[in-house]
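The values are calculated or read from the model by the stated rules, or taken from the named source; none is laboratory data. Keep in mind that this is a model prediction, so the values were computed, not measured. Note that we place each Cβ from the backbone using ideal geometry, even for glycine, and neighbour counts take in every protein chain shown. Just the protein is used for accessible areas: all its heavy atoms, side chains included, with ligands, DNA and RNA removed. Shrake-Rupley method; radii C 1.70, N 1.55, O 1.52, S 1.80 Å.
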Amino acid sequence: MHLNARQLAFKTSLPVFFGYLPLGISFGVLFATQLSYSWLIAPLMGVLIYAGSGQLLAVSLLVSVSGLTEIFVAMFLLNARHIFYGLSLLKAFAGAGLKKLYLIFGLTDEVYSLLTSRPRKANPSASEQKQEQLTDFYITLFCHAYWILGCAVGAWLGATLNFNATGIEFALVALFIVLAIEQYKALQNKFPVIAGGLAAGIALLLFSASQQLVVAMLLVVIALLAQYK
């Protein structure tokens with residue numbers, strides 16, 4: 001059965017819904033219970049920042065009263081990989097007009113995986129290319145909507161219901177553990193794992209709590225660049 005771009009995008013993006021909703025709710029609850037801002041800021045962060053690990057990290061850093069410079073550096077390093085996502089899909093997004101800006105903005109890990117794993121024609125015609133880009137746009141839009149919904153539901157629950165949210169901040173740690181395991185399984189390379197562990201240990205032993213994250217991430221970047229060279 002032939003599916004139009006919107007139907008195909010919804011069907012393709014549905015697995016992301018079941019991942020984004022609980023993680024978005026975790027972020028929203030954490031935001032509303034740990035910070036004194038209006039719960040509406042949480043879905044607004046989902047609209048403007050749209051980075052699950054980055055948003056969870058921002059909450060953790062705001063709770064620890066970190067400076068804006070540290071938050072900026074940490075979030076930039078954490079999400080710098082998205083620059084390369086956009087570069088690798090410039091050909092697929094060529095001629096998309098203003099949609100290209102949103103397509104690049106919305107390239108999360110999960111969206112990138114969906115866009116690069118779905119079948120495409122090797123040499124599409126102009127009309128086929130436009131149809132592909134429309135499908136990509138709707139996939140990105142649906143996934144973004146799932147994340148915003150999760151952030152809003154979680155923040156509303158955290159602001160209106162009284163319950164013990166102790167431990168929910170571990171969602172960030174759990175997310176990074178899963179990402180590290182998935183990356184190791186895909187690359188089968190122990191060096192990044194070892195470098196990350198050593199960098200974290202050095203930062204933990206030699207630097208204050210407010211500096212540990214940035215220092216550890218910088219050490220990892222230096223180690224990876226040295227190995228690449």
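Some points to look at:
- When Asp109, Asp136 are compared by accessible area of protein heavy atoms, the largest-first order is Asp109, Asp136, using a 1.4 Å probe.
- Rounded to 10°, Cα long-axis angle of helix 126-160 versus longest principal axis of the chain: 30
- Quarter of the Cα convex hull surface for the chain, i.e. its orientation-mean projected area (nm²): 15.0
- Of all the options Gly196, Gly167, Gly150, the one that moves most in a Gaussian network model of the chain with Cα springs shorter than 10 angstrom is Gly167.
- Per residue, the accessible area of the chain comes to 59 Å², computed with a 1.4 Å probe over protein heavy atoms only.
- Springs between Cα atoms under 10 Å define the GNM used for the chain, and in it the highest mean-square fluctuation of Leu219, Leu141, Leu103 occurs at Leu219.
- Theoretical ellipticity at 222 nm over the chain - DSSP helices of four or more residues, -39500 (n - 2.57) apiece, nearest 500: -25500 deg cm²/dmol
- Of Thr116, Thr33, Thr140, Thr69, the residue with the largest accessible area leads and the full order is Thr69, Thr116, Thr33, Thr140 (1.4 Å probe).
- Highest-MSF residue in the chain out of Leu204, Leu134, Leu62 [GNM, Cα springs under 10 Å]: Leu204
- Length-normalised contact order for the chain - Cα pairs under 8 Å, 6+ apart - percent: 36
- Rounded percent of accessible protein surface that carbon and sulfur make up, the chain, 1.4 Å probe: 70
- Computed about the Cα centre, the dipole magnitude for the chain is approximately 700 debye when only Lys and Arg (+1) and Asp and Glu (-1) carry charge, each at its Cβ.
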